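Worksheet: one structure, shown below.
The values are calculated or read from the model by the stated rules, or taken from the named source; none is laboratory data. Model, not experiment: these values are computed from the prediction. Please note: Cβ atoms are built from the backbone with ideal geometry, for glycine as well, and neighbour counts cover all protein chains shown. All accessible areas refer to the heavy atoms of the entire protein, side chains included, with ligands and DNA or RNA removed. Shrake-Rupley method; radii C 1.70, N 1.55, O 1.52, S 1.80 Å.
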Amino acid sequence: MQQERFIELLTKKLSGEITLSEQMELSRWLEANPDDAHLEAQMSDIFNNDSQPAHSGKQLSKREQNWHKLHQLMEEEPYPVVIGRKPAKIRSALKWAAAAAILLLVVIIGMRMQNGGHKPGINNSNIVATKKGSKSNLVLPDGSKVWINSDSKISYEDGFGKTHRTLSLTGEAYFDVVKDPERPFIIHTSELDVKVLGTAFNVRAYPDESNSTTTLVRGSLQVKLNKHEQQVYILKPDEKLIVNKEPLLPVKSTPGLEQEEIIKLKIVKTDSIPPEAQWTNNNLVFENKRLDEIALILSRWYGVSVVINGSDKMKAEKYNGFYDNQSIQNVLEALKISAGFSYKIENNTVLIEP
């Protein structure tokens, strides 16, 4: 692989545009080239920290350290020129200059993704959408911040922040909302409405999943169900509300009693960020998830097609996992050890078999 190809693949990875086959090509190159692996790690650390919500003072300090590190590496003393061969340090400097260009290009791509999502419609809606395998973030007109997970969309009408603060969400997003008592912040999904004054929380409402989940990090939330408008739930920090979409089934042990449609839970945190919001730090988390649910999550996360060629029992087995910015190969290898399945990757398709 030529150096230009490495820069191209690294740019695609940081901007969320890399395909599975390109990710595998990049992984092979990094294994064989430690210097480039170091550059990739530094750039990923800088970009991921800069594009993620800062949940604590330590994260803000880390972000500043990363940018300072990049500036130091690019501002080293000039090196002597040797005719006929570039000294190693000059090649390193050129590589870090390319790194700066990558970072700028990724920022431009991110801006284009956001601006490209602005499509005036009949109701002058502003739309920001992400595709599978990519994430995005933006600041709304009122100053509130939103991190949008893969395969998700938010839309809001003109006048947001002035006459109203209402938006619609399909998929998953993390919100850090600016306080405005006169204009409550309201999120509409297919199953529920979330109303806040100022807080940080995560909403997951994918249309092809069996439930919708709202998780509160700080502040307070009011959640109202669309099917039962009289049912209103108030969430406190570290609580989450799960709304099941599937038709209710009778509980066998008690005739006439239906399975619980609404589940309100207290989160047990081992980090400053609850598991439901770990994706904002590029961490992939499974908590008691079925294998077919994990396949759907992997499909969105990496922008691939994941097919399970196995029995219903195999698909229903549940697993836990925490993956810190890992490739899909590493995730599949870890799951392979736990689940005992085999898999193969062809183009952009992952086939899982017993």
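Conditions (1) closer than 25 Å to G143 by Cβ; (2) at pLDDT below 75; (3) open to solvent by 70 Å² or more (accessible area, probe 1.4 Å), marked per residue:
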residue: T214; (1), (2), (3): yes, no, no
residue: R218; (1), (2), (3): yes, no, yes
residue: L225; (1), (2), (3): no, no, no
residue: K236; (1), (2), (3): yes, no, yes
residue: K240; (1), (2), (3): no, no, no
residue: T270; (1), (2), (3): no, yes, yes
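Going by the conditions given, is I352 farther than 24 Å from L26 by Cα and at pLDDT 90 or above?
Working: farther than 24 Å from L26 by Cα: no; at pLDDT 90 or above: yes.
No.
Restricting the search to segment 182-198, which residues are surrounded by fewer than 20 Cβ atoms within 10 Å (Cβ to Cβ) and either farther than 23 Å from E293 by Cα or in contact (Cβ under 8 Å) with a residue 60 or more places away in the chain (or both)? Please lay out each step first, then the result.
Of all residues in segment 182-198, those surrounded by fewer than 20 Cβ atoms within 10 Å (Cβ to Cβ) come to 182-184, 186, 188, 190-191, 193, 195, 197-198.
Correct list: E182, R183, P184, I186, H188, D193, K195, L197, G198.
Does segment 310-322 contain at least one residue that is modelled with pLDDT under 90, within 29 Å of A200 (Cα to Cα) and open to solvent by less than 80 Å² (accessible area, probe 1.4 Å)?
Looking through segment 310-322, none of the residues is modelled with pLDDT under 90, within 29 Å of A200 (Cα to Cα) and open to solvent by less than 80 Å² (accessible area, probe 1.4 Å).
Please specify each residue of segment 277-321 satisfying the condition of being aliphatic (A, V, I, L, M) and either assigned to a strand (DSSP E or B) or touching a His at 6+ places or on another chain (Cβ under 6 Å) (or both). Even if it seems obvious, please write down each step before you answer.
Just the residues of segment 277-321 that are aliphatic (A, V, I, L, M), to begin with: 277, 284-285, 291, 294-298, 304, 306-308, 314, 316.
Correct list: L284, V285, V306, V307, I308.
May I ask you to list the residues in segment 136-154 that are of a type in the set (A, V, I, L, M, F, W, C) and open to solvent by 30 Å² or more (accessible area, probe 1.4 Å)?
Step one: of segment 136-154, the residues of a type in the set (A, V, I, L, M, F, W, C) are 138-140, 146-148, 154.
Residue satisfying the conditions is V139 alone.
Cβ contacts < 7 Å: first residue within 19 Å of S136 (Cβ to Cβ) and modelled with pLDDT of 70 or more, restricted to segment 8-21; second residue of a type in the set (V, I, T) and open to solvent by 10 Å² or more (accessible area, probe 1.4 Å), any location; separation 6+ or different chain. Result?
Hits for this filter: K12/I18.
Among the residues of segment 110-119, is any over 29 Å from V306 (Cα atoms), in contact with a strand residue (DSSP E or B) (Cβ under 8 Å, 6 or more places away or on another chain) and modelled with pLDDT under 85? Reasoning before the result, please.
Initial filter on segment 110-119 (over 29 Å from V306 (Cα atoms)): 111, 115, 118-119.
Next, only the ones that are in contact with a strand residue (DSSP E or B) (Cβ under 8 Å, 6 or more places away or on another chain) stay: 118-119.
Of the ones still in play, those that are also modelled with pLDDT under 85 are 118-119.
Yes; the residues of segment 110-119 include at least one that is over 29 Å from V306 (Cα atoms), in contact with a strand residue (DSSP E or B) (Cβ under 8 Å, 6 or more places away or on another chain) and modelled with pLDDT under 85.
Taking segment 177-191 as the search range and keeping residues that are under 21 Å from the mean Cα position of the chain (by Cα) and assigned to a loop (DSSP other than H, G, I, E, B), which one is nearest to V203 (Cα to Cα)?
Restricting attention to segment 177-191, the residues satisfying the condition of being under 21 Å from the mean Cα position of the chain (by Cα) are 177, 187-190.
If we keep only those that are assigned to a loop (DSSP other than H, G, I, E, B) too, we end up with 177, 189-190.
Values: V177: 13, T189: 9, S190: 12 Å.
In this case the residue turns out to be T189.
Among the residues of segment 333-349, is there at least one that is under 23 Å from the mean Cα position of the chain (by Cα), of a type in the set (G, A, S) and assigned to a strand (DSSP E or B)?
Checked against the condition, which is being under 23 Å from the mean Cα position of the chain (by Cα), of a type in the set (G, A, S) and assigned to a strand (DSSP E or B), segment 333-349 yields no hits at all.
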